[in-house]
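Okay, so here's the structure we're looking at.
The values are calculated or read from the model by the stated rules, or taken from the named source; none is laboratory data. Since the structure is predicted, the reported quantities are computational estimates derived from the model, not experimental observations. Every residue, glycine among them, receives a Cβ derived from its backbone with ideal geometry; neighbour counts consider all protein chains shown. Side chains are part of the model used for accessible areas, which takes the heavy atoms of the whole protein and leaves out ligands, DNA and RNA. Shrake-Rupley method; radii C 1.70, N 1.55, O 1.52, S 1.80 Å.
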Protein chains: 2
Amino acid sequence: MKYIEKLRNSGLRPTKQRLQICEVLFDRDKTFHFTINELEQKIKKQINNKISLATVYNTVHAFEKKGYLKQIPINSNQTYFDTNVTDHHHFYDLKDEKLIDLENSDVGPINILKKIDGKKIKSVEVLVKLED
Amino acid sequence: MKYIEKLRNSGLRPTKQRLQICEVLFDRDKTFHFTINELEQKIKKQINNKISLATVYNTVHAFEKKGYLKQIPINSNQTYFDTNVTDHHHFYDLKDEKLIDLENSDVGPINILKKIDGKKIKSVEVLVKLED
DNA sequence: ATTCTAGTTTATAATGATTCTAAAAAAGTG
DNA sequence: CACTTTTTTAGAATCATTATAAACTAGAAT
């Protein structure tokens, strides 16, 4: 399994559950935007093994901490995660409640002119809300 | 009271509770970033009248719908609101968990080059995360 | 391989923000 | 005042997320 080493190198034991969640999350062509709930559904369909909801939460948070996932800042009652951890932006379709990737080339350069003493910029994220 | 007409014009009855919440929200010099919980605390301190939590929620949502408040897209278990409804952006200090306004003049123009058929852009919001 | 230990999984309970409910109160209208 | 509609309210219900504590497992040591 290709994820065993990746997990070990991060200090995470490559358990059956983590490896299966890796498959669901990372064996794909395109970026995956998801809520924990949606991920749970996908796991149910794709895997012949029940994974506890608590484990899904634990794993997603562990992966986020290690930098394999990131949260998408958006106002929703559920937390959204993204398998694309590079700097990039999003459309959010308010009607369908769906996220759409904006590649970096889809957004002109962003200039932050204000500085805060003693702080440095970690990330710049743009959320473009869409309506009909 | 200066808020009576404003409320009436929006189709909201100027009740005692709404007027008091208006005072807490809008009788200030600077932009106010808050969660419902923080707002409730401020109301308790500032007003000699108990306002039910349900009313605070109702009122904040009513004001948001009328465009007097807006939500700030950020990942937090609590929803953040902003009394500054003009197009503007935020710093988010990861360490202190504090929001800081970025005036429009603090951010260069943002060009969204991608279009989605049948959808139009409602808002463009930038979140700049800060670290030490 | 067997034993040991720390890390992991799990079902379930607990928490906490938000929404719902339905009855009482207040606002606006004639 | 009488009437209708909107608003407020306390408390219940909901729903995402986190905590708990017991059972399990991976990796290391013996």
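Could you please let me know if A:LEU12 is within 23 Å of A:LYS98 (Cα to Cα), away from every other protein chain (no Cβ under 14 Å), of a type outside the set (Lys, Arg) and near DNA strand D (Cβ under 10 Å from one of its atoms)? Walk me through it before giving the result.
Working: within 23 Å of A:LYS98 (Cα to Cα): no; away from every other protein chain (no Cβ under 14 Å): yes; of a type outside the set (Lys, Arg): yes; near DNA strand D (Cβ under 10 Å from one of its atoms): yes.
So A:LEU12 does not fit the description; no.
Return yes when A:SER52 is within 14 Å of another protein chain (Cβ to nearest Cβ), within 11 Å of DNA strand C (Cβ to nearest atom) and more than 11 Å from the chain's Cα centre (by Cα) and no when it is not.
Numbers: within 14 Å of another protein chain (Cβ to nearest Cβ): no; within 11 Å of DNA strand C (Cβ to nearest atom): yes; more than 11 Å from the chain's Cα centre (by Cα): yes.
Taking the combined requirement at face value, the residue does not satisfy it.
Out of all the residues in region A:55-79, which are away from DNA strand C (no atom under 12 Å from the Cβ) and either more than 12 Å from chain B (Cβ to nearest Cβ) or touching a helix residue (DSSP H, G or I) at 6+ places or on another chain (Cβ under 9 Å) (or both)?
If we filter region A:55-79 for residues that are away from DNA strand C (no atom under 12 Å from the Cβ), which is where we start, we get A:64, A:67-74, A:79.
Those that are away from DNA strand C (no atom under 12 Å from the Cβ) and either more than 12 Å from chain B (Cβ to nearest Cβ) or touching a helix residue (DSSP H, G or I) at 6+ places or on another chain (Cβ under 9 Å) (or both): A:GLY67, A:TYR68, A:LEU69, A:LYS70, A:GLN71, A:THR79.
May I ask you to list pairs of residues, at least six apart or on different chains, whose Cβ atoms are under 9 Å apart, with the first in region B:69-93 being farther than 14 Å from A:ASN75 by Cβ and the second being within 16 Å of DNA strand D (Cβ to nearest atom) and part of a loop (DSSP other than H, G, I, E, B)?
B:THR83/B:TYR68; B:THR83/B:LEU69; B:VAL85/B:GLY67; B:VAL85/B:TYR68; B:VAL85/B:LEU69
Exactly one condition in (1) more than 9 Å from DNA strand C (Cβ to nearest atom); (2) outside any loop (DSSP other than H, G, I, E, B); (3) more than 17 Å from the chain's Cα centre (by Cα) is false for A:GLN17; which is it?
Answer for A:GLN17: the failing condition is (1).
Among (1) touching a residue at least 40 places away in the same chain (Cβ under 8 Å); (2) not in a loop (DSSP other than H, G, I, E, B), there is one condition B:LEU12 misses while meeting the rest; what is its number?
(2)
Can you pull out the residues in region A:37-77 that are in a loop (DSSP other than H, G, I, E, B), open to solvent by 40 Å² or more (accessible area, probe 1.4 Å) and at pLDDT 95 or above? Before the answer, list the steps.
Restricting attention to region A:37-77, the residues satisfying the condition of being in a loop (DSSP other than H, G, I, E, B) are A:47-52, A:67-69, A:73-77.
Now restrict to residues that are open to solvent by 40 Å² or more (accessible area, probe 1.4 Å): A:48-50, A:52, A:68, A:76-77.
Passing the criteria: A:SER52, A:TYR68.
Count, please, the residues in region B:63-81 that happen to be small (Gly, Ala, Ser) and closer than 21 Å to B:GLN20 by Cα. Before you say what the answer is, go through the steps one by one.
Taking region B:63-81 and keeping what is small (Gly, Ala, Ser), we get B:67, B:76.
Filter once more, so that each one left must be closer than 21 Å to B:GLN20 by Cα: B:67.
Going through region B:63-81 one residue at a time, the tally reaches 1.
Determine whether region B:89-99 contains at least one residue that is open to solvent by less than 80 Å² (accessible area, probe 1.4 Å), within 12 Å of another protein chain (Cβ to nearest Cβ) and assigned to a loop (DSSP other than H, G, I, E, B).
Looking through region B:89-99, at least one residue is open to solvent by less than 80 Å² (accessible area, probe 1.4 Å), within 12 Å of another protein chain (Cβ to nearest Cβ) and assigned to a loop (DSSP other than H, G, I, E, B).
Taking region A:100-132, which residues are at the interface with chain B (Cβ under 7 Å from one of its Cβ atoms), surrounded by 15 or more Cβ atoms within 10 Å (Cβ to Cβ) and of a type in the set (Asp, Glu)?
A:ASP106, A:GLU125
Looking at region B:80-92, which of its residues are away from DNA strand C (no atom under 15 Å from the Cβ) and either assigned by TED's automatic domain parsing to the domain that holds B:PHE26 or under 13 Å from the mean Cα position of the chain (by Cα) (or both)? Reasoning before the result, please.
First, the residues of region B:80-92 that are away from DNA strand C (no atom under 15 Å from the Cβ): B:83-92.
Answer for region B:80-92, where residues must be away from DNA strand C (no atom under 15 Å from the Cβ) and either assigned by TED's automatic domain parsing to the domain that holds B:PHE26 or under 13 Å from the mean Cα position of the chain (by Cα) (or both): B:THR83, B:ASN84, B:VAL85, B:THR86, B:ASP87, B:HIS88, B:HIS89, B:HIS90.
On the basis of being open to solvent by less than 20 Å² (accessible area, probe 1.4 Å) and away from DNA strand D (no atom under 13 Å from the Cβ), does B:PHE34 make the cut?
On the way: open to solvent by less than 20 Å² (accessible area, probe 1.4 Å): yes; away from DNA strand D (no atom under 13 Å from the Cβ): yes.
Yes, satisfied.
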